[in-house]
Amino acid sequence: MNSEPVHSICVFCASSNRVDARYLQEAHDVGGVIAASGKHLVYGGGHNGLMGAVADGALENGGEVTGIMPEFLMKRESLHNGLTTNHIVETMHERQAMMQDLSDAFLILPGGMGTLAELFEVITWKQLGHHEKPIVILNTFGYWDHLLSFMDYTMAEKFVNSDVHPLWQVVENLDKIKPILGLR
């Protein structure tokens, strides 16, 4: 586990507005706690869904928020205009690399395919020794239960070494994230 202090937290999460309001509220609360703890939020730059909620929560609590969005996505997703910093990049690969470079830790909230891609990339990069940053999966309302079960299955079937388990931590609520990431 990384012993370096956490100053900036990258949050991966959904951009969908169609999700249950309880997910949006938890994302908003996460952003608020990150900001109230004096941490910098780094995320995908969107205004919709959990992405917008986490950014709004941080901004409403006086936090600094950096968004990173590929230019081509701006046609599909609404860029959050109230952020401290917006970076427009060319590709998803550039976005992912910049998010990782600007962050000391990764927090994964409920999300879809993009969130899964981001989660597996940071786990893979950690497994390969490219970083030692904490990876925390917030299993809000059991959202990730099936994925976590599948990850265990890949280890049981010997497709993935069981030594990857310590690469991430799973928590069920915001209070359990606080000590891991140095939040108040």
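No lab work stands behind these numbers, since they all come straight from the coordinates. Quick caveat: nothing in here was measured; it's all calculated off a predicted structure. Methodologically, a virtual Cβ is constructed for each residue, glycine included, from the backbone with ideal geometry; neighbour enumeration extends over all protein chains shown.
Local charge sum around Asn61 (other residues, Cβ-Cβ under 14 Å, Lys/Arg +1, Asp/Glu -1)?
Neighbourhood net charge equals -2.
Fully extended, how many nm does the chain gain between Ile180 and Arg18 (0.36 nm per residue separation, minus their Cα-Cα distance)?
Answer, rounded to one decimal: 55.3 nm.
What value does the range 51-142 have for Rg/Rh, both radii from Cα atoms and Rh as Kirkwood defines it?
0.95
Wrap a convex hull around the Cα atoms of the range 38-99, take a quarter of its surface area, and give that in square nanometres.
3.8 nm²
Among Met74, Met92, which comes first, then next, by fewest other beta-carbon atoms within 10 Å?
Met74, Met92
Cα gyration tensor of the range 8-178, axes a ≥ b ≥ c as square roots of the eigenvalues: rounded (a/c below 1.5), prolate (a/b > b/c) or oblate?
prolate
Return Glu26, Glu94 ranked ascending by Cβ neighbour count within 10 Å, so the fewest neighbours appear first.
Glu94, Glu26
Under a straight-distance cross-link criterion of Cα-Cα below 20 Å, which aspartates and glutamates are reachable from Lys75, leaving out those fewer than 8 residues away in the same chain?
In chain and number order, the partners are Glu90, Glu94.
Give the relative contact order (percent, whole number) for the range 27-184; include only Cα pairs under 8 Å separated by 6+ residues.
19 percent
Of the beta bridges DSSP finds with both residues in the chain, what % are antiparallel, to the nearest 5?
5 percent
I want to check the label-to-label distance for Ala156 and Ile88. Put each point 7 Å from Cα in the C-beta direction and report it in nm to one decimal.
Label at Ala156, label at Ile88, 4.9 nm between them.
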